[in-house]
Every structure is written in C-alpha cells, then in structure tokens.
Amino acid sequence: MTPSYFMVLLNVISLFTEGFGVFNLGIVIMGFVPGFTEEIMFRGLIIPNTLRIFNTKGGIYAALFISAGLFGLAHATNVLAGADPGTTAFQVFYTFGFGVICGAALIRTGNMWGSIICHGLMDMFAMMSTSALEQGAVQTQAFE
C-alpha cells in the first residue's frame, strides 16, 4: 500500500470516529497486525501445504477445514486470558466460518490481500468499538 492510499484510509477512518475521540494510530496498528499475521499463518502457510499433502479431489475441502479449524481453535485460548467461556465458544464458531470464507477466497483468487485487509479492518473496528464503549461514547441499557 503506497503512502497516499494509507493516508486516504486513515482519513476515512477518522471521519467515522471524529465524534468519539477514540481514533489513534495505535488502534489502527493493533487492528491490522493480528489480521495480517493470522492470515499469513492460517491461510498463507497452512492451506498451500495442506493442498500439497492432500493432493486429491477432496484436498481443497481438507485444506479449508483444517485451516479454519486451527484458526478457530487458536481463538479458544482466550479462555486462558480470562475471557468468558460462552463468548469464547461463539468466537471459535464465527472464526471458523470466517476462516472458511477467507480460505475459499484465497483458493479461488490466489491472492491473500483481500482477506488480510478484511481481517485487519474487522479487528480494527472491533478495537475501536471497545475503546468507544470504555470511554462512554456509546450508551446503552446493557452498559448502565
């Protein structure tokens, strides 16, 4: 990504967060770093190597489900960090589904950048919403 595209991205993000006071470069970086590294590891390394091992007609499905399964299970370790077990179980479920979608996109297009950007944005917006809740920018009955 060239610097001009990066600045456009930062400006667009700041438009959405202007009234909340939660935008900072740390949230952007901490949103994109896990997305980038997880996509490289679970899609960029596991899928091609699994496709080499399972060089059969069902190898694509094996690669998708092994990669997505490991991706989901990696998020199960959040329980060890004190996360709620029910919330973590839900996270394992949806990260498995997200892993299947990103893996299928990689196999279909041969390009990982779409899933890297999507994963990074998803993590970044999750961090921004958490930060907004902590600062009181969003008020609901659930948080009173």
Task: Selection within region 54-103 - out of contact with any helix residue (DSSP H, G or I) (no Cβ under 6 Å at 6 or more places or on another chain) and of a type in the set (S, T, N, Q) - done: Asn55, Thr56, Thr77, Thr87
TODO: Within region 73-88, track down each residue that is outside any loop (DSSP other than H, G, I, E, B) and surrounded by fewer than 15 Cβ atoms within 10 Å (Cβ to Cβ).
DONE: Leu73, Thr77, Leu80, Ala81, Pro85, Gly86, Thr87
Open item on the list: What's the number of the only condition in (1) among the acidic types (Asp, Glu); (2) touching a helix residue (DSSP H, G or I) at 6+ places or on another chain (Cβ under 8 Å); (3) exposed (fewer than 15 other Cβ atoms within 10 Å of the Cβ) that Glu38 fails to meet?
Closed with: (3)
TODO: Identify, from the list Thr88, Thr95, the residue that is among the β-branched types (Val, Ile, Thr), in contact with a Ser or Thr (Cβ under 9 Å, 6 or more places away or on another chain) and on the phi < 0 side of the Ramachandran plot.
DONE: Thr88
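If we keep just the residues of region 50-72 that are hydroxyl-bearing (Ser, Thr, Tyr) and either at pLDDT 90 or above or surrounded by 17 or more Cβ atoms within 10 Å (Cβ to Cβ) (or both), which is nearest to Gln91 (Cα to Cα)?
Filtering region 50-72 down to residues hydroxyl-bearing (Ser, Thr, Tyr) leaves 50, 56, 61, 67.
When the remaining residues are screened for being either at pLDDT 90 or above or surrounded by 17 or more Cβ atoms within 10 Å (Cβ to Cβ) (or both), the result is 50, 61, 67.
Details: Thr50: 24, Tyr61: 22, Ser67: 16 Å.
Looking at the filtered set, the residue picked out is Ser67.
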Task: One residue from Ile47, Ile13 being surrounded by 11 or more Cβ atoms within 10 Å (Cβ to Cβ) and at pLDDT 65 or above - done: Ile47
TODO: Check region 106-125 and report whether any residue there is over 21 Å from Ile47 (Cβ atoms), modelled with pLDDT under 85, exposed (fewer than 12 other Cβ atoms within 10 Å of the Cβ) and out of contact with any Ser or Thr (no Cβ under 9 Å at 6 or more places or on another chain).
DONE: no
Open item on the list: I'm trying to understand the selection: among the residues of region 52-107, which are more than 16 Å from His119 (Cβ to Cβ), aromatic (Phe, Trp, Tyr) and in contact (Cβ under 8 Å) with a residue 12 or more places away in the chain?
Closed with: Phe65, Phe93
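The values are calculated or read from the model by the stated rules, or taken from the named source; none is laboratory data. These numbers were taken from a predicted model, which means no experiment stands behind them. Every residue, glycine as well, gets a Cβ built from its backbone with ideal geometry; the counts of neighbours run over all protein chains shown.
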